[in-house]
1. Pull up the cross-link candidates among the aspartates and glutamates for K10, meaning alpha carbon to alpha carbon under 19 Å and not fewer than 8 places away within one chain.
2. Taking 0.36 nm per residue of sequence separation and subtracting the Cα-Cα distance, how much length would be gained by fully extending the chain between A33 and Q98, in nm to one decimal?
3. Go through segment 58-67 residue by residue and turn each phi into a ³J(HN,Hα) via Karplus (6.51, -1.76, 1.60, θ = phi - 60°); whole Hz please, and just put x for glycine and proline.
4. List every residue whose amide H lies under 5 Å from the amide H of V73, counting only residues 5 or more places away in sequence or on a different chain, with H placed 1.01 Å from N in the peptide plane.
5. Run the quick spin-label model on T79 and A63: label points 7 Å from Cα toward the beta carbon, then report their separation in nm to one decimal.
6. Quickly rank 4-14, 75-85, 27-37 as a protection proxy: mean count of other C-beta atoms within 10 Å, highest first.
7. Any lysines with Cα under 21 Å of the K66 Cα? List them, leaving off those in the same chain fewer than 8 positions away.
8. For the chain, take N as its residue count and report Rg(C-alpha) divided by 2.2 N^0.38 Å.
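All of the numbers you see were taken from the coordinates with simple rules; none came from a lab. Here the structure is a predicted model, which means the values were calculated and not measured. Cβ sites come from the backbone with ideal geometry, for glycine too, and all protein chains shown count toward neighbours.
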Amino acid sequence: MIKVSVVGAKGRMGSHVVDAVNAAAELALALDAGDDLTAITPENTDVVVEFTVPSVSLGNVLALVKQGVDVVVGTTGWTEEKLDQVRAALAAALREGQSVFI
């Protein structure tokens with residue numbers, strides 16, 4: 001069974017994501033503001049659903065990419081500049097030998 005971690009798990013939408021994951025997959029970790037993202041690793045998580053707020057979403061995604069974890073983002077507020085930063089992080093991960101799905 002796929003192991004899914006949720007970042008933003010206590011939020012309005014994040015709590016719904018947690019419920020959906022519990023119904024369809026294995027909830028690996030449910031993290032929220034103040035929790036340590038380094039707890040999420042490729043060993044305990046197949047994919048992360050990041051559903052926080054625009055002011056922290058980019059930092060979360062960049063940290064998770066650096067940790068080698070696949071991320072699906074549900075947070076709104078993304079700009080081309082933010083996406084460019086993620087693209088650069090993914091390119092760096094590829095150069096370091098990580099497998100990356102874009």
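1. D19, E26, D32, D35, D36, E50
2. Working it through step by step, the gained length comes to 20.7 nm.
3. Once rounded to whole Hz, the list reads 4, x, 4, 5, 4, 5, 5, 4, 4, 7.
4. Long-range HN contacts for V73: E50.
5. Taking the simple label geometry, T79 and A63 are separated by 2.2 nm.
6. 4-14, 27-37, 75-85
7. List returned: K3, K82.
8. My calculation over the Cα atoms of the chain gives 1.02.
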